[in-house]
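The values are calculated or read from the model by the stated rules, or taken from the named source; none is laboratory data. Predicted, not measured: the structure shown is a model, and the values here were computed from it. Don't worry about glycine lacking a Cβ; one is built from the backbone with ideal geometry, like all the others, and counts go over all protein chains shown. When the accessible area is computed, the model is the full protein with side chains, heavy atoms only, and any ligands, DNA or RNA have been set aside. Shrake-Rupley method; radii C 1.70, N 1.55, O 1.52, S 1.80 Å.
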Amino acid sequence: MNLTNIGTVKDILSRHGFSFSKGLGQNFIINPDICPRIAEYGNASQGFGVIEIGTGIGVLTAELAKRADKVSAVEIDTRLLPILNETLADFDNVKIYNEDVMKCDLHRIIREDFIGLKAAVCANLPYYITSPVIMLLLESRLPVESITVMVQKEAAQRLCAKVGSRESGAITVGVNYYGTVKKLFDVSRGSFMPSPNVDSAVIRIEPNGTPLLDEEEEKFFFRVIKSGFSQRRKTAANSLSSLMGISKDDVYEALRIIGLSENTRMEQLDMEQLIAFSKELRKKQ
Ligand code: SAM
């Protein structure tokens, strides 16, 4: 079944009485070039089990299933299940979990479904939970070789920004702390049904196995990052004192110790400085 043929897609959707949910970020890929590329870049190959987040009608799922040994896909929308039964009928290596990815035990899926296989994540992510999903995968240290996901272009820019640059944010620090990130290619808005108002891009994250900080330090580091970047126009001292209850004088001192001025903003610190800053702030707790 050709799931990038607009006529075929419209026919399936209307036979099942399906209407798109904007709230669930349902923009399905109809450009035939995209899914094979995501699958190729995303480790969908022999010896791999792939987790997909958000199947839609299964256009990417099918490309993954053609290449990988197993595909375990998480889809929240129950209305898509009868459609997937039809569109993925030719594959016996696909398992669908009708769950919310934010509540799903992905570690268990890897343990139980991918015995003897390496694991990877591939997805065209629902835009409303891009950052939370990526942070969940990284923070939970999901044992995967790669995370290859399509996100809105603006999110891709933030994810791929340099830590310490104006474009960086909490998510930039998050991905760079846990691994390396690279933009692979752009995808125009016309590649989707329905077409969204913005273009997208595919990025690939390779997690690094070894944590830079111990568990407690890491927890504190992420509190600092999330608070520090949440009010972008403010200085680090203003954000951290209001959100973490550390006095301004203590923040100033921590900044001084690492050689920075009192009015430094979070986005001006590189990764090394952020880690040193967090360690100094932790002494003040
Ligand atoms: N992979 C398909 C494609 O590329 O055509 C669909 C991608 S669409 C951008 C996002 C999909 O994620 C939708 O099918 C939506 O129902 C699903 N979704 C949204 N929120 C979800 C959640 N919290 N957990 C699991 N799936 C979710």
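So, Arg223, is that one open to solvent by 20 Å² or more (accessible area, probe 1.4 Å) and in a loop (DSSP other than H, G, I, E, B) or not?
Numbers: open to solvent by 20 Å² or more (accessible area, probe 1.4 Å): yes; in a loop (DSSP other than H, G, I, E, B): no.
Taking the combined requirement at face value, the residue does not satisfy it.
Step by step: first the residues of region 190-212, then only those that are in contact with a helix residue (DSSP H, G or I) (Cβ under 9 Å, 6 or more places away or on another chain) and open to solvent by 50 Å² or more (accessible area, probe 1.4 Å), then the one that is nearest to Asn27 (Cα to Cα). Which residue is that?
That would be Ser195.
May I ask you to list the residues in region 231-279 that are closer than 19 Å to Gly174 by Cα, open to solvent by less than 40 Å² (accessible area, probe 1.4 Å) and assigned to a helix (DSSP H, G or I)?
Listed by number, the residues that qualify are Ala236, Ser239, Leu240, Met244, Met266, Glu267, Met271, Leu274, Ile275, Ala276, Phe277, Ser278.
Just to be sure, is Asp113 acidic (Asp, Glu) and either more than 24 Å from Met193 (Cβ to Cβ) or more than 21 Å from the chain's Cα centre (by Cα) (or both)?
Taking the combined requirement at face value, the residue satisfies it.
Filter region 127-154 down to the residues that are surrounded by fewer than 16 Cβ atoms within 10 Å (Cβ to Cβ), among the hydroxyl-bearing types (Ser, Thr, Tyr) and not in a helix (DSSP H, G or I) and list them by number.
Across region 127-154, the qualifying residue is only Ser140.
Check region 103-114 and report whether any residue there is of a type in the set (D, E, K, R), part of a helix (DSSP H, G or I) and open to solvent by less than 20 Å² (accessible area, probe 1.4 Å).
Just the residues of region 103-114 that are of a type in the set (D, E, K, R), to begin with: 103, 105, 108, 111-113.
Among the residues that remain, those that are also part of a helix (DSSP H, G or I) are: 108, 111-113.
Imposing the further condition that a residue be open to solvent by less than 20 Å² (accessible area, probe 1.4 Å) reduces the set to 113.
Looking for residues that are of a type in the set (D, E, K, R), part of a helix (DSSP H, G or I) and open to solvent by less than 20 Å² (accessible area, probe 1.4 Å), one finds at least one in region 103-114, hence yes.
Being open to solvent by less than 10 Å² (accessible area, probe 1.4 Å) and of a type outside the set (A, V, I, L, M) is the filter here, so list the residues in region 1-53 that pass it.
Cys35, Gly42, Gly49, Glu52, listed by residue number.
Out of all the residues in region 54-69, is one or more in contact with a helix residue (DSSP H, G or I) (Cβ under 8 Å, 6 or more places away or on another chain), among the acidic types (Asp, Glu) and open to solvent by 10 Å² or more (accessible area, probe 1.4 Å)?
So far as region 54-69 goes, yes, one or more of its residues are in contact with a helix residue (DSSP H, G or I) (Cβ under 8 Å, 6 or more places away or on another chain), among the acidic types (Asp, Glu) and open to solvent by 10 Å² or more (accessible area, probe 1.4 Å).
Here is a check on your reading of the model: is Ala89 under 17 Å from Thr8 (Cα atoms) and more than 13 Å from the ligand (Cβ to nearest atom)? Spell out how you get there, then give the answer.
Details: under 17 Å from Thr8 (Cα atoms): yes; more than 13 Å from the ligand (Cβ to nearest atom): yes.
Here the answer is yes, as Ala89 does meet what is asked.
Would you point out the residue of region 155-176, among those that are of a type in the set (A, V, I, L, M, F, W, C) and assigned to a loop (DSSP other than H, G, I, E, B), that is farthest from the ligand (Cβ to nearest atom)? Walk me through it before giving the result.
Here is the first cut: in region 155-176, the residues of a type in the set (A, V, I, L, M, F, W, C) are 155-156, 159-161, 163, 170-171, 173, 175.
With assigned to a loop (DSSP other than H, G, I, E, B) added as a condition, the list becomes 161, 163.
Values: Ala161: 23, Val163: 28 Å.
Filtering region 155-176 for residues that are of a type in the set (A, V, I, L, M, F, W, C) and assigned to a loop (DSSP other than H, G, I, E, B), the one farthest from the ligand (Cβ to nearest atom) comes out as Val163.
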